[in-house]
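Each remark here refers to the structure printed beneath this line.
The values are calculated or read from the model by the stated rules, or taken from the named source; none is laboratory data. This one's a predicted model, so the numbers in the text were calculated from it and none came from an experiment. Here Cβ is always computed from backbone atoms with ideal geometry, including for glycine, and neighbour counts include all displayed protein chains. Just so you know, the surface numbers come from the protein's heavy atoms only, side chains and all, with ligands and any DNA or RNA stripped out. Shrake-Rupley method; radii C 1.70, N 1.55, O 1.52, S 1.80 Å.
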Amino acid sequence: SMDELRDLLNYPFTTMRQRMVRNLFIFSFCTMGMNLADIYQLHKKSVKMKGDTGEVKYIRAKTGKEIIVIMNAHATQLHDVIAPYLTTSRVNVWSKAVSSSRYFAFDAIYNRYHTFAGNIQKIVREVRTIMDFDDEFSFYTARDSWASIMSSEYQLGQEYVDAGLGHSSKSVAANHYIAIDYDKLYEAHTDILQ
């Protein structure tokens, strides 16, 4: 729910790792539910943020679908939230110089995606306990929450949710005949971030 998301956003976590998981959760939600694998693999060239406008354009690893996320008025705030984990940061949270084509510096700390994902899931369990969230809460909740809110509060159909999440639809009609009004999707996404 949005109340749980707000609680998570505002909670004063005490460890760097707990804050990192919270901030990545925010990044996932703000990028229409980007999953962990795509966050880990995200390239610098995939992200363009200047002032209050931003665009994240990447190919979803699981489905090969191109995802484009447009952010207006929130790019600066989002950049500030994730800045400590970027390869371009002069001083990232690990105090390591990172030379990588990736946007985040995680591959310098976790040499394999599975190590990164395992650590994130462990910290998510800590966060879940601290926040007293139910057992269903996971990193995937950011993705699920975005989809649920788009569907229920903004009345966007399944085809819009699928397009935002980068699902590969098995429906020929959905793939070829249903036109997605991306302006409508981005307008709802911008509104949800208010």
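With the highest mean first, a sort of the peptides 60-69, 119-128, 142-151 on other beta-carbon atoms found within 10 angstrom per residue produces 142-151, 119-128, 60-69. Given their separation in residues at 0.36 nm each and the Cα-Cα distance between them, residue 48 and residue 68 gain 6.1 nm when the chain is fully extended. Say R0 is 41 Å: what FRET efficiency, to the nearest 0.05, do residue 121 and residue 183 get from their beta-carbon distance? The calculated FRET efficiency here is 0.70.
Phi angles across region 16-29 convert, under the Karplus curve 6.51 cos²θ - 1.76 cosθ + 1.60 with θ = phi - 60°, into 3J(HN,Hα) values of 4, 5, 5, 5, 4, 4, 4, 5, 5, 4, 4, 4, 4, 4 Hz, Gly and Pro given as x.
Could you tell me what percent of the accessible area of region 22-83 is made up of carbon and sulfur, with a 1.4 Å probe and every protein chain present? Kindly include the intermediate steps, with their values, before the conclusion.
Details: 1370 of 2620 Å².
The value for region 22-83 is 52 percent carbon and sulfur by accessible area.
Give me the log10 of I(q) over I(0) for region 1-158 at q = 0.14 Å⁻¹, as the Debye formula computes it from C-alpha points; what are the numbers? So the normalised log intensities work out to -0.72.
Residue-normalised convex hull volume from the C-alpha trace of region 88-136: 102 Å³ per residue. Could you state the number of Å between the C-alpha centres of region 1-27 and region 38-81? So the separation of the two Cα centres works out to 19 Å. Spin-label model, residue 11/residue 59: points 7 Å from Cα along the beta carbon direction are separated by 3.7 nm.
Coordinate range of the alpha-carbon atoms in region 1-82 per principal axis, descending: 35, 29, 25 Å. Between the amide H of residue 43 and those of 103, distances stay under 5 Å, these residues lying 5 or more places away or on another chain, with hydrogens modeled in the peptide plane. Rolling a 1.4 Å probe over the protein heavy atoms gives region 20-111 an accessible area of 45 Å² per residue.
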